[in-house]
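Visitor: One structure coming up, written as C-alpha cells, with questions to follow.
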Amino acid sequence: MPVMTTRWPERQLERDRRSFRALPSRRHWLLLRLLALLLLLALSACSGPPSATGQQPATATAVPELISRPGTLPALVQAATVREYPLTRHSEGDMLMRPVLDRRGRVWFGVMASNLIALFDPQSARWQTVVPPHGRGGLMGLTVASDGTVWFAEQYANYIGHYSPDTGRFQVYPLPTVSAPDPAHKGKQLTLPVAPNELLLDRQGQIWFTEMNADALGRLNPATGELRQYPLSSHHTVQQLNPYGLASDAQGNLWFTESSQNRIGYLDPRTEKITTFSTPDPGAMPMEIAIDRQGQVWITTFAHNLLLRFDPRSHQFARYYAPTPDGSSGGLYGLSLDESGAVWVTVAAANTVARLLPEQRRFLYYLVPTVSSFPFGVVAATPRQVWFTEAGANQLGLLTLT
C-alpha cells in the first residue's frame with residue numbers, strides 16, 4: 001500500500017490558512033451532524049444553570065434499581081458519589097470532548113465549539129482555559145505526553161498542535177488538504193482538511209492520528225516535522241471510510257475504527273500491512289477503541305447502545321447491548337479501561353456512566369445527577385474514580401465509588 005511522506009515547514013500553516021477555500025459540506029460530516037443533533041437535544045432539556053460557585057454539591061446516587069430490556073444485558077443501578085464542576089468559560093452549544101489525565105492528576109479536554117483547551121485541577125478546584133492559534137471550532141482528540149506537554153488535533157483548522165503549559169507556547173504542524181466533488185456545484189471540487197480526529201503517542205514519541213476526510217492514518221515525527229500518511233484502502237478514497245478511533249496494542253499495531261463502513265482494523269507499522277474486520281451489526285458506527293491487557297479489543301458504537309469486544313486470535317466479536325429505562329436507543333461513546341481491566345463507557349440515552357462486568361453478563365450503572373447531561377467522554381483515574389465530560393451541560397463530572 002502506498003505511503004505518502006511530506007515535510008511541512010512552520011510557515012506553511014499561514015499559507016494553508018489563506019488558501020483554505022471551504023469547510024466540508026454537510027454530507028462530509030455525517031458523524032459530526034449526528035453528534036451535534038444529539039447535543040442540541042440534550043441542551044434543550046438541561047435542568048437549569050450551574051451553581052454560582054462553579055461547583056455543584058456532591059450527590060450520592062443510591063437508587064437500587066435493575067434495568068432490563070429484551071435483547072440487552074441487565075443493568076444494576078449502583079451507589080456512587082458524583083461531583084460536578086461547571087466549566088466557567090463556555091458558549092451555548094459547546095461540545096466537551098474526551099478527557100485525559102496528566103501525571104499530576106489534572107484533567108484536560110477540548111471544548112470544540114469555543115475552540116478551547118480546558119484544564120481542571122482537582123486539588124484547587126480551579127479551571128484554566130487556553131485558545132489554540134488559528135482555530136475554527138474543531139478541536140478534537142487530545143493527549144498528554146510524559147513531559148506534561150499537550151498534543152491535540154484541530155479538525156477544521158487542519159493541523160496537529162503541541163502546547164507547553166510551562167511556557168504557554170504553541171507549535172503547530174499543518175496537514176495537507178484533499179479534494180472532493182462539491183455536491184452543491186456539479187463539476188466543481190471542494191478543498192477540504194484531512195480532518196484529524198483521534199491521536200496517540202507511540203513508544204518512540206511519534207504522533208499517530210486518524211484522518212476522517214482522507215481515509216488514512218497519519219504519523220508525525222515531532223523531531224523532524226516529517227509527516228507520513230497511510231491510506232486505509234488499496235484505492236485512494238475520500239470520505240468513504242471515516243476512520244475515527246485509534247489505539248495501539250502491545251506489539252505496536254495501530255488499531256482504528258471505520259465508522260462509515262462498520263469495520264475495525266489495524267496497521268502494522270513494520271510491514272505497513274492493513275487488516276480489517278467487519279463488525280456484526282450493520283449501521284452500528286464504531287467509534288472509540290481500546291485494547292486491554294489480554295489483547296482484547298473494545299469498541300463503542302454510535303447506535304444501538306452497543307459495546308463490542310473483538311478477539312484478535314479467534315476473529316470473533318462479542319456483543320454487549322446496554323439497556324435504557326424507556327427502551328430508547330442511542331450511542332455509547334466514551335470508553336476507558338481502568339487499572340483492574342474494568343471497561344467503562346458512557347450511555348447518553350440513560351444519562352449514566354456504566355461499567356461492564358463481562359463474566360456476569362451485566363452492566364453497573366452510575367446515574368449522573370444533572371438531567372440530560374449527555375455524558376460523553378470518560379477516563380478512569382483509578383478503579384474507584386472516573387472522570388467524564390457532560391456535553392449537554394458543559395460540566396466535568398467525577399464519579400467516586402462508595
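The values are calculated or read from the model by the stated rules, or taken from the named source; none is laboratory data. Since the model is a prediction, treat every value here as computed from it, not as a measurement. Note that each Cβ is placed from the backbone with ideal geometry, even for glycine, and that neighbours are counted across all protein chains shown. For accessibility, only protein heavy atoms count, side chains too; no ligands or nucleic acids. Shrake-Rupley method; radii C 1.70, N 1.55, O 1.52, S 1.80 Å.
Visitor: So what J values fall out for region 263-276 if you push phi through Karplus, 6.51 cos²θ - 1.76 cosθ + 1.60 with θ = phi - 60°, rounded to Hz, Gly and Pro as x?
Guide: In residue order, the calculated couplings are 10, 10, x, 9, 10, 8, x, 6, 9, 6, 7, 10, 10, 10 Hz.
Visitor: Let a ≥ b ≥ c be the square roots of the eigenvalues of the Cα gyration tensor of region 305-347; is it rounded (a/c under 1.5), or, if not, prolate (a/b larger than b/c) or oblate?
Guide: oblate
Visitor: Can you give me the Cα centroid spacing of region 332-402 and region 197-225 in angstrom?
Guide: 27
Visitor: Continuing with this model, one more query. If you roll a 1.4 Å probe over the heavy atoms of the protein chains, what accessible area per residue do you get for region 127-264, in Å²?
Guide: Per residue, region 127-264 has an accessible area of 36 Å².
Visitor: For ASP292 and ARG203, calculate 0.36 nm times their separation in residues minus their Cα-Cα distance, and state this gained length in nm to one decimal.
Guide: Net length gain for the segment: 30.3 nm.
Visitor: Spelling out what I want: for every residue of region 94-100, take phi, set θ = phi - 60°, compute 6.51 cos²θ - 1.76 cosθ + 1.60 (Karplus), and round to whole Hz; glycine and proline get x.
Guide: 4, 10, 7, 8, 6, x, 9
Visitor: On to the next question. Chymotrypsin sites (Phe, Trp or Tyr not before Pro) within region 96-202: which are DSSP loop residues with at most 15 other Cβ atoms inside 10 Å?
Guide: Passing sites in region 96-202 do not exist.
Visitor: Spelling out what I want: for every residue of region 335-347, take phi, set θ = phi - 60°, compute 6.51 cos²θ - 1.76 cosθ + 1.60 (Karplus), and round to whole Hz; glycine and proline get x.
Guide: After applying 6.51 cos²θ - 1.76 cosθ + 1.60, I find 8, 8, 10, 8, 5, 7, x, 5, 9, 10, 9, 9, 10 Hz.
Visitor: Separate question: What FRET efficiency do you get for SER314 and ASP166 if R0 is 51 Å and r is their Cβ-Cβ distance, rounded to the nearest 0.05?
Guide: 0.60
Visitor: For region 105-152 and region 250-285, write down the distance between their C-alpha centroids in whole Å.
Guide: 28
Visitor: Probe radius 1.4 Å, ligands and nucleic acids ignored: give me the carbon and sulfur share of the accessible area of region 244-396 as a rounded percent.
Guide: Of the solvent-accessible surface of region 244-396, carbon and sulfur hold 45 percent.
Visitor: Could you provide, to the nearest whole Å², the per residue accessible area of region 321-375 with probe 1.4 Å?
Guide: In whole numbers, region 321-375 has 32 Å² accessible per residue.
Visitor: Now for a different question. Need one number for region 233-364: average projected area of the convex hull over its C-alpha atoms, nm².
Guide: Convex hull of Cα atoms, orientation-averaged projection: 8.4 nm².
Visitor: Given the peptides 128-140, 251-263, arrange them by the average over their residues of other C-beta atoms within 10 Å, most packed first.
Guide: 251-263, 128-140
Visitor: Under a 5 Å amide H to amide H cut-off, with H placed in plane at 1.01 Å, what residues pair with GLN155 once short-range neighbours are removed?
Guide: Residues meeting the amide H criterion: GLY138, LEU139, MET140.
Visitor: Reported to two decimal places, what Rg/Rh ratio describes region 93-199 when computed on Cα atoms with Rh from the Kirkwood expression?
Guide: Rg/Rh for region 93-199 comes to 1.07.
Visitor: Okay, moving on. Using a basic spin-label model with each label point 7 Å from the Cα along Cα→Cβ, how many nm lie between ARG136 and ARG270?
Guide: 3.9
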